[in-house]
């Protein structure tokens, strides 16, 4: 298939978008564009198109991916979405993702472990699972990471269940002992914990323990 440059359109002060066969193909920084023999009506040689995509567009995407990961850790789905938002061609996005994964800059399982470690104290497993699923993490990795963390904490917390620990922290943040809660306050607390995804029997167990404490 032959490709013809049908439009060259400014995006902003530093970038231009190149249209091939009346479709947006890729964007270039103006400084790079000025060094290329691109003009409307040009039948672009395969060698030039390959050079542009491999030496320029892919380089932009790799740099953007690294910059995004330097700012904060992300899942593969989140990074793919960000690169698509930057209007990189799909095959370039795929290559950029492969690049950062090969250097272990992108690791969904590592992200899952860190995410759970940072939130297990105040979130139920159901909440954590839902949030991670929305970020593109598969359920088997979520379960494996949760079990790994639970196993490591059980050695240092005398086998206390992580869900009980999370409920306990939430209850104690209320600032008063359970025996000072009114019946209505207890009902609201139970309902709130249940909506967060905690199991009812675990909620009741922790609340009974706190009342007896």
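The values are calculated or read from the model by the stated rules, or taken from the named source; none is laboratory data. Predicted model, so just to flag it, every value in this text is computed and none were measured. Reconstructed Cβ throughout: ideal geometry from the backbone, glycine too, with neighbour counts over all protein chains shown.
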Report task. Return yes or no: is residue 51 over 20 Å from residue 1 (Cβ atoms) and assigned to a helix (DSSP H, G or I)? Result -> no
Requested in this report: Sort out which residues of the stretch 175-197 are assigned to a loop (DSSP other than H, G, I, E, B) and modelled with pLDDT under 80, and write them in order of number.
Outcome: 175, 176, 177, 196, 197
Requested in this report: Among the candidates 84, 71, 117, 30, single out the residue that is assigned by TED's automatic domain parsing to the domain that holds residue 189 and without any contact (Cβ under 8 Å) to a residue 40 or more places away in the chain.
Outcome: 117
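Just checking, which of 52, 97, 44, 149 is closer than 21 Å to residue 202 by Cβ and without any contact (Cβ under 8 Å) to a residue 60 or more places away in the chain?
149
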Requested in this report: Return only the number of the condition from (1) over 16 Å from the mean Cα position of the chain (by Cα); (2) outside the structural domain of residue 16 (by TED's automatic domain parsing) that residue 89 does not satisfy.
Outcome: (2)
Requested in this report: For the stretch 15-48, name all the residues that are on the phi < 0 side of the Ramachandran plot, in a loop (DSSP other than H, G, I, E, B) and surrounded by fewer than 12 Cβ atoms within 10 Å (Cβ to Cβ).
Outcome: 34, 35, 37, 39, 40
Requested in this report: Output the number of the condition that residue 122 fails; it satisfies all remaining conditions of (1) within 19 Å of residue 74 (Cα to Cα); (2) at pLDDT below 85.
Outcome: (1)
